[in-house]
Amino acid sequence: MIREYDKLFKYFGIKPFKDVLPELRKVAEPHHLMRRGIIFGHRDFEKVIDALKTGKKFAILTGLMPSGRMHFGHKMVIDQVIYYQGLGAEIFIAIADIEAYAVRKISREDVINYAVNEYVANYLALGLKRERLHIYFQSNYAKEYYRLLQMFSRKVTMAELRDIYGEDVGPGKIMSVLTQMADILHPQLKHFGGFDVVLVPVGPDQDPHLRLSRDVADRYASELGLKRPASTYHRFMTGLLGGKMSSSKPESYIALTDDPDVAVAKLMKALTGGRPTAAEQRRLGGEPEKCPVYEMLSYHLITDDRELEKVYTRCRSGEMLCGQCKREAAERLRKFLEEHQRRLERARNIVDKVVDIPDF
Ligand code: SF4
């Protein structure tokens, strides 16, 4: 996987995030995902630093795919959004309901239910504030947004869509792509606040969309004054049993709405970077770099760097075995989920105040 990420630096012009950390530190404490190299790359993040330095307004755009339960893999995106909101950013969150319906073939009822009760409610419970926040369904937004996506149809070609999405790209996909371009670029329009600096935090699999949006921005630079969006890239979490974390495999992830007992049981069954025998582990130490339990700790459950360092050292030195480590991680997980789910109850009562829910 590391080699895959290296390709992004080499062939696609993504720059290492660690290079902008010293400048960011001059204006803000970097998020733990940044400090730990989990956010590993960027394009034009300097624009965000400049906005922070000069007090210029800036916006964050992210999207959610309401196709299942929200899990810890999804949480890392909203953690970043909350961080930027705390730094003064205006937040735009697109609910990709049309793509979920047209491309993933999920019923409208399920799409709306997942979006509102899973994602938006969890976002609020995680600490997303209602100020400077725009959460919208792609099917239920402002006319200026639809005008933009319709205008984009003039300068995006089938050849480039086939190049990115494969030969069988059909009407549903074409609409989704144009809509996504409008998501990324619409905060720049005067109607939405005229944000020159828009940052999109994504996983590396989303980079083709970002590259296309940057090209589209260039094509509409003189007509609409659009500028290229900035982006950051984060590593994906590994599934609890190795491989990918997948919504279709509940044992591969922990959902934010999992009963704490169920969540702890999943964590206790997770793969580790431990050695085949206790004796070997005491002698050689564990391998936290390969361990999904360590990932849970470093991505989500320990924000204090010194505390995380202690876990790393105890693992590496062989002082701590995986059973003990899992029990400690499980305790943290239980505490997190119990507190989160208490906040979720309250958040569910106000979701309809932060998003306009479509009738069908
Ligand atoms: S001791 Fe903890 S961090 Fe180290 S390999 Fe085992 S579970 Fe992972």
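Figures for the structure shown
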read-out: Protein accessible area in the stretch 137-267, 1.4 Å probe - carbon and sulfur %; value: 52 percent
read-out: Vicinal HN-Hα couplings computed from phi for the stretch 215-222 (Karplus, 6.51 cos²θ - 1.76 cosθ + 1.60; Hz; Gly/Pro x); value: 5, 5, 4, 4, 5, 10, 5, 7
read-out: Rounded to whole Å, sorted largest first: equivalent-ellipsoid semi-axes of the stretch 1-148, Cα gyration tensor; value: 29, 19, 16
read-out: Ranking by accessible area, most exposed first, for Met158, Met34, Met65 with a 1.4 Å probe; value: Met158, Met65, Met34
read-out: Heavy atoms of Tyr136 accessible to a 1.4 Å probe, total area in Å² rounded to 10; value: 10 Å²
read-out: FRET efficiency for Arg343 and Tyr11, using Cβ-Cβ distance with R0 set to 41 Å, rounded to 0.05; value: 0.45
read-out: Candidate residues Tyr141, Tyr11: accessible-area rank, largest first, probe 1.4 Å; value: Tyr11, Tyr141
read-out: Extension gain from Arg316 to Lys56, taking 0.36 nm per residue of separation minus the Cα-Cα distance; value: 89.2 nm
read-out: Local electrostatic count at Ile39 - Lys and Arg +1, Asp and Glu -1, tallied over other residues with Cβ under 13 Å; value: +4
read-out: Listed residues Glu251, Glu287 arranged by accessible area, highest first, probe 1.4 Å; value: Glu251, Glu287
read-out: Probe 1.4 Å - accessible area at Ser153, Å² to nearest ten; value: 70 Å²
read-out: Accessible area expressed per residue, the chain, with surrounding protein chains retained (probe 1.4 Å, Å²); value: 47 Å²
read-out: Convex hull of Cα atoms in the chain, direction-averaged projection (nm²); value: 18.5 nm²
read-out: Full-extension gain in nm, Glu29 to Lys269, via 0.36 nm per residue minus C-alpha separation; value: 82.9 nm
read-out: Prolate/oblate/rounded label for the stretch 63-198 (Cα gyration tensor, a/c 1.5); value: oblate
read-out: Residue-by-residue Karplus 3J(HN,Hα) for the stretch 132-139, coefficients 6.51, -1.76, 1.60, Hz, glycine and proline x; value: 6, 10, 10, 10, 9, 7, 4, 8
read-out: Gaussian network model of the chain, springs between alpha carbon atoms under 10 Å - residue of Val202, Val262, Val77 with greatest fluctuation; value: Val262
read-out: The stretch 276-360, accessible surface, carbon-and-sulfur percent (1.4 angstrom probe); value: 49 percent
read-out: 222 nm mean residue ellipticity, helices alone, for the chain (DSSP H n ≥ 4; -39,500 (n - 2.57); rounded to 500); value: -14000 deg cm²/dmol
read-out: Cβ-defined net charge surrounding Tyr253, 11 Å radius [Lys, Arg +1; Asp, Glu -1]; value: +3
read-out: Helix 305-317 axis, angle to the chain major axis (alpha carbon atoms, nearest 10°); value: 50 degrees
read-out: Amide H partners (placed H, <5 Å) of Ile135, local residues excluded; value: Ile93
read-out: Tensor-based shape of the stretch 250-346 (alpha-carbon gyration tensor, a/c under 1.5 rounded, otherwise prolate or oblate); value: prolate
read-out: Neighbourhood charge, 13 Å Cβ-Cβ cut-off, centred on Cys291 and excluding it, Lys, Arg +1 and Asp, Glu -1; value: +2
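The values are calculated or read from the model by the stated rules, or taken from the named source; none is laboratory data. Nothing here was measured: the structure is a model prediction, and the numbers come from that model. Cβ sites come from the backbone with ideal geometry, for glycine too, and all protein chains shown count toward neighbours. Ligands, DNA and RNA are stripped out before the accessible areas are found, and what is left, the full protein with its side chains, is counted by its heavy atoms. Shrake-Rupley method; radii C 1.70, N 1.55, O 1.52, S 1.80 Å.
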